[in-house]
Structures are given as structure tokens and as C-alpha cells.
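Worksheet for the structure shown next.
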Amino acid sequence: MAILDSINPTLTAGWHRPDVRDLARDTGWRLKDYEARGGYQALKKLFAEKMTPEQVIAEVKTSVLRGRGGAGFPTGLKWSFMPKNAAGEKYIVCNTDEGEPGTFKDRDIMRLDPHAVIEGMIIAGYAMGAQRGYNYIHGEIFELYQRFEEALEEARAAGYLGRNILGSGFDFELFAHHGWGAYICGEETALLESIEGKKGQPRYKPPFPANVGLYGCPTTINNTESLASIPYIIRHGGQAFLDLGKPNNGGTKLFSVSGHVNKPGNYEVPLGTPFAKLLEMAGGMRGGRKLKAVIPGGSSAPVLPADIIMDCTLDYDSIAKAGSMLGSGAVIVMDETVCMVKALERLSWFYYEESCGQCTPCREGTGWLYKMIHRIEHGQGRAEDLDLLDDVAKNIMGRTICALGDAAALPVISFVKHFRDEFAYHIEHKRCLVPPEVQRAGSTFHTRLMAGATC
Amino acid sequence: MLSEATLQKIDREIAKYPAEQKQSAVMAALRLAQQEKGWLAPETIAFVARYLGMAEMAVYEVATFYNMYDLAPVGKYKITVCTNLPCALSGGVHAADYLKQKLGIDFNETTPDGKFTLKEGECMGACGDAPVMLVNNVHMRCFMTPEEIDRLLAECE
Ligand SMILES: Cc1cc2nc3c(=O)[nH]c(=O)nc-3n(C[C@H](O)[C@H](O)[C@H](O)COP(=O)(O)O)c2cc1C
Ligand code: SF4
Ligand code: FES
């Protein structure tokens, strides 16, 4: 069984995790196991059939694979932006800096299927004429950075990396780079700065990385899951991948379900799957309690109240129509024991802490937002605070170098919009609507092992 | 200043980048230096700067920007607990409270015997396995219920 549960597994097919705690006991991530389940067949097919780079990009376009890192930008289109005949080096960069609260899918890919990322990156390099790649790995999963280095050694020894790969005449080198605790490095240009050995502060765009990227050279940055989806697309065709999902939303996707469900974990389902189905796969609501709200795409996505999310399907279009974002596919589930002011307070602290400080609206605005939410939560809110929160948040949006500003503002705007009464209650009564002991009991220790899951 | 073994590891990092881009190895070099010395003293940062041919200030900027570099001594075991929202919904805050009470210290404090330092962390990308902790930046521990926390503390010599 792949991870916990899945429908039409493509990414997670054949994954093995015998012991959820002990990395050392993972089986199936090594080269021989990956090859046994069809690994590196896409690369071999590409060379055997002498596919041209243009054909590879065309397949990826057909698949309508949309970037799994958060923005949902079509991967094939992004690849076509790379200059074709530029002299000098080009780079492929994989973004494994997974730090968006709620998101933990790339960690499982790196843990159980690192060669899928490697194969995807080699194919990406071939398609875009790049001969070097880097995988930027979240510092907090250092053990998986080490595993990735081992996987790279295996791939080099087997001739999948290096000069003249499988006799094709194509050269590609790939290396791992680790972060060391900075959420902002998940932003693609901050990530490039970080690889260059600097503070991870985002760059102005344009120029876009496709023109001026790593070391000033044309660069394409993709999320780990996007790249790990590439081998399937090349092996089975873009149309087969598209058919797994629904029009304009190709493929299956990993959803990281956290919060008040019985079995938090990763679930692979086709895009377009009803939210209710995912909730059921994750064991339903913990303790049979009532669903209050869901953040459907990582902490930066607007929150949706229960009645809205229960009518959504999990795809970019449906969630966008409901007023939020599918983002990274991180589904944070909150039940009726949650105080929405307190939940927002914790998220706002995060953005305030992680702002890189370059832009005044973000640096100052995230601090103001946190201070206001903190005072509301602690019984010192003022009647005018709710409008002020909205005003400050909207004044950050669109006025910053990178999207962290929007990411900090959107939760605030949506929490206040959908749960205004609860915020107003705090201001008026100087306490939470949900009694503190109920909150604390509702969020006590819970793991999927306690709910009887085996992995 | 740094051991031969550490320098060899730094050299391996340098080799990952184009010849004129030695500076790209600074994050790994600081991490390796911290692993050897326990924390990054000003003279360690200066040494890394010389070794990579960088301005000291540029290395200092990197060391202060990223949260997992320690610019002051920490306990033998630095335990970082994630308390961000997804973890907090499944016991992240309870786990931090349990540790505080067991060790008799708050966040950003070190036990008097110098054995444990406690830190509050942000999302480690493992929220489905909450509560989650990092030991000395490099070792992740998941599903940290009180029994598991007791086991972890007992393992720390
Ligand atoms: C503050 C911030 C944090 C981000 N963090 C991540 C991340 O951890 N992983 C990721 O793949 N993309 C992250 N992104 C999105 C990247 O900038 C980029 O869009 C993505 O890596 C592109 O890959 P894709 O097209 O395959 O999704 C982040 C963006 C912002 C603004
Ligand atoms: S929006 Fe915030 S995080 Fe992004 S560049 Fe500006 S200050 Fe830095
Ligand atoms: S919120 Fe704790 S690991 Fe993500």
C-alpha cells in the first residue's frame, strides 16, 4: 500500500514505508527498487524514441500538469519560456524547501521516491537544454538531504547522471543544496539567492529566472512534486496524465491533510475529487466533532467555512471559485473547538517572523497585523480593529517584491470576512467564544497511529 | 581552526558549484563548522570567510539570516519544537509545554547543566506526523506524545 491511502496512484505506486518512525527501515527508495517499478523507463524511452526537446515539452503541455508548489502555473508553458539557443550554462532547480505550514508531501516524495525527482530533473534538463541542476532541500529534513545525496551517487554510478547519459550524447549533472531555516527561501528567487550563498531575499521580477536566474543564467524552478510527475507523463503520455484528473487540472495530486482528522497524512487522489471524499479517507473528523473551517492550500490560502468547502472538489478551478487557492494541496482541518482568532494569531506571527524585511509594507505590515490580532485575542481589541486589520492587509497586497506579502494578508482578510462575529465577540466580551479548556482539549496529542493507522 | 575532516567535507561542497562560485558553499560550510564547534563564534565565521574567499560581513549576514545557525552557545542537545498551527491542532503546544515542565526551562533557555536548550520552531514540513521536533537541527522526531518525549530525553546522554 502506498502511503496511507490513494485513488489511482501514479506518484505513490509501489512506495513502501514499513515503519513510520524509523527512516532507516524504509525500503523501496533505492535505485534497484525504483527500477523494478518502472523507474528510469521514461528516460530510456525518450532516448530510444529520439524524442526532441520540443516533443517532451509538448507532452508536458498536453498533460496540463500545473505547478505543485503553490501557484498552479502550467509546467509545460513555463518550460517553453526558456531561451532555446542561448549560449552558456542553463539550470534546472528543484524546490524542496517545503515550509508552507500544512504542507508535507515533498518530504514523503524525498523519503520514499527520490529517484523520481532525479529522473524528472534529467528529463527537464534535456527538454530545456540545461546541463546542471540543483535540488534545494529544506534544512529541517536534513536526513533526507543525506538520502538524496546517496540516491545521486547511485544514479551517477548507473550512468543516469554525468556525461553522455545512456549513450545519448546528453550530459547532465545534479547536486543537492540544503536550506537552514528560512521559509522565504521557498520563494523561487530567494531560493536562487540562497544557492548563490547569500541571504535569501527575493529578487525583483522581471527579469524572470527563465532569462536571468541562477548565476545570471536562464533557470527553471519547479516544485518537487511537479518534477516527480514528469516520468509518468513521458512514459504514459501527457493525455494519460490529463485523463487522470479533470480538464485544465491534469493528474493526481498529493494532499497533505493535517489538523482535526482521525488520520492526518498524505493522500494521493485525482484532481477533481470531492473534498468530502478526502475527509473520509483521512478517517473523518476527530472524535466525531463538527467541521468548522478548512484552509485548503497551505497557510497562505484563504480559509473556507465548512459549508463552502464541503461543496468543493479538489482542483485549482473549484477551490478558486470558492474564493481560495489549491496552493500546495495542504489541507488544514479545524473543528468547532478552534478559536479562529487564536489560529490566525499563530499564522500572523509566522509571517511576521519570516518576512525578509526588504519591503516596508511587508516588514511593517506583518508586525501590525500580528499586534492587532494579538491584542484582540488577549481581550484588548478595539472596535475599529476589524476594519483596520482589513485595511492594513489590503495595503500590503500587491505592494511588495514577492508574494509573501499577499500570503500574510490573505489569511487575515479571509478569517475576518468569514468569522467576523467571532472576532467581534472577542472585542466586545474580552474573551474567546470557545472556552479555553475546550480549545486545549480539542487540540491535545493526536496521531494517526492512535487512530489505528499502520503507516 | 576547523578539523581536517571538516575541511574535506567543505571541499566536497565547494565542488558542487561552478569553479568561480565558491561562495555557494557557505551555507554548508557554516553548518559543518557549527556541527564541529557546537555554535558559530565570530572567529569561526571569520575562518569560514577566509576559507571561501568571502568578506566576513557577507558570511555574517548569512549566519544571521537563517534560523538554524547558533550564534551563541547552546546545550548539548538543542530541541526545537514546532508550534505552528497545523502541529498545534494535534498536540504541538502540549508537547512544548510537557518539555518545558520536564526540563524546567522555557523557550530559548538552557538547563543549568548545559545539557538541553529548548527552541520554538516553525513548520518543518512534517505536520502530518505532529507533534514534531528537531534534535540538534539534523534529526527529526515525529509523533511526540509524552511517552515518546520521555524516550527521547532518556536517549540523550
Ligand atoms: C513565500 C513563498 C514561499 C514558497 N514556498 C515554496 C515551497 O516551499 N515549495 C515550492 O515548491 N514552492 C514554493 N513557493 C512557490 C515558488 O516561488 C515557485 O512558484 C514554485 O517553486 C514553482 O514551482 P512549480 O511551478 O512547479 O509549482 C513559495 C512562494 C512564496 C512566495
Ligand atoms: S514581500 Fe516580504 S518577504 Fe517578500 S521580499 Fe518583500 S519583505 Fe521580503
Ligand atoms: S506545522 Fe509543524 S511541521 Fe508543519
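The values are calculated or read from the model by the stated rules, or taken from the named source; none is laboratory data. Here the structure is a predicted model, which means the values were calculated and not measured. Neighbour counts run over all protein chains shown; Cβ positions are idealised from the backbone, glycine included. For accessibility, only protein heavy atoms count, side chains too; no ligands or nucleic acids. Shrake-Rupley method; radii C 1.70, N 1.55, O 1.52, S 1.80 Å.
Only one of these is within 11 Å of chain A (Cβ to nearest Cβ) and out of contact with any Pro (no Cβ under 7 Å at 6 or more places or on another chain): B:Val74, B:Val93. Name it.
B:Val93
Taking the stretch B:7-26 on its own, how many of its residues are open to solvent by less than 10 Å² (accessible area, probe 1.4 Å) and within 11 Å of chain A (Cβ to nearest Cβ)?
Residues that pass the stated criteria total 3.
Starting from residues that are open to solvent by 60 Å² or more (accessible area, probe 1.4 Å) and among the charged types (D, E, K, R), keep the ones in the stretch A:410-455 and report whichever is farthest from the other protein chains (Cβ to nearest Cβ).
A:Glu428
Looking at the stretch A:354-383, I want the residues that are of a type in the set (A, V, I, L, M, F, W, C) and within 16 Å of ligand 2 (Cβ to nearest atom) and have a partner that is in a loop (DSSP other than H, G, I, E, B) and open to solvent by 80 Å² or more (accessible area, probe 1.4 Å) with Cβ atoms under 9 Å, at least 6 apart or on another chain. Which pairs are those?
As it stands, the answer is A:Cys359/A:Arg399; A:Cys362/A:Arg399, since those pairs meet every condition given.
Of all residues in the stretch B:56-71, which are assigned to a loop (DSSP other than H, G, I, E, B) and more than 7 Å from chain A (Cβ to nearest Cβ)?
Within the stretch B:56-71, B:Asp70, B:Leu71 qualify.
Please go through the stretch A:23-42 and give me each residue that is farther than 19 Å from A:Gly250 by Cβ, open to solvent by less than 60 Å² (accessible area, probe 1.4 Å) and out of contact with any Ser or Thr (no Cβ under 9 Å at 6 or more places or on another chain), ordered by number.
A:Leu23, A:Asp26, A:Gly28, A:Trp29, A:Leu31, A:Tyr34, A:Gly38, A:Gly39, A:Tyr40
Note down all Cβ pairs under 8 Å where the first residue falls in the stretch A:394-419 and is among the aromatic types (Phe, Trp, Tyr), the second is in a helix (DSSP H, G or I) and modelled with pLDDT under 95, and they're at least six residues apart or on different chains.
Cβ pairs passing all conditions: none.
Looking only at the stretch A:172-207, count how many residues are over 17 Å from the mean Cα position of the chain (by Cα), open to solvent by 30 Å² or more (accessible area, probe 1.4 Å) and more than 12 Å from chain B (Cβ to nearest Cβ).
Looking only at that region, the number is 5.
Could you check the stretch A:70-107 and list, in sequence order, the residues that are within 16 Å of ligand 3 (Cβ to nearest atom) and outside any loop (DSSP other than H, G, I, E, B)?
A:Thr96, A:Lys105, A:Asp106, A:Arg107
Within the stretch A:174-203, can you find the residues that are within 28 Å of A:Val60 (Cα to Cα) and aromatic (Phe, Trp, Tyr)?
A:Phe175
B:Leu103 versus (1) more than 9 Å from chain A (Cβ to nearest Cβ); (2) within 16 Å of ligand 1 (Cβ to nearest atom): which is the lone unmet condition?
If we test B:Leu103 against (1) more than 9 Å from chain A (Cβ to nearest Cβ); (2) within 16 Å of ligand 1 (Cβ to nearest atom), just (2) comes out false.
Of everything in the stretch A:288-307, what is without any contact (Cβ under 8 Å) to a residue 40 or more places away in the chain and surrounded by fewer than 22 Cβ atoms within 10 Å (Cβ to Cβ)? Give them in sequence order.
A:Gly288, A:Ala306, A:Asp307
Return the residue satisfying two criteria in turn: it lies in the stretch A:109-131 and is touching a Lys or Arg at 6+ places or on another chain (Cβ under 8 Å) and within 14 Å of chain B (Cβ to nearest Cβ), and of such residues it is surrounded by the fewest Cβ atoms within 10 Å (Cβ to Cβ).
This residue is A:Gln131.
Exactly one condition in (1) surrounded by 24 or more Cβ atoms within 10 Å (Cβ to Cβ); (2) polar (S, T, N, Q); (3) away from chain B (no Cβ under 14 Å) is false for A:Ser168; which is it?
It is condition (1) that A:Ser168 fails.
Please verify whether the stretch A:69-81 includes one or more residues that are among the basic types (Lys, Arg) and open to solvent by less than 10 Å² (accessible area, probe 1.4 Å).
No, the conditions are met nowhere in the stretch A:69-81.
Contact list please: Cβ distance under 6 Å, first residue in the stretch B:119-141 and open to solvent by less than 10 Å² (accessible area, probe 1.4 Å), second residue among the acidic types (Asp, Glu) and part of a loop (DSSP other than H, G, I, E, B), pairs at least six apart or on different chains.
Close Cβ pairs satisfying both conditions: B:Gly125/A:Glu98.
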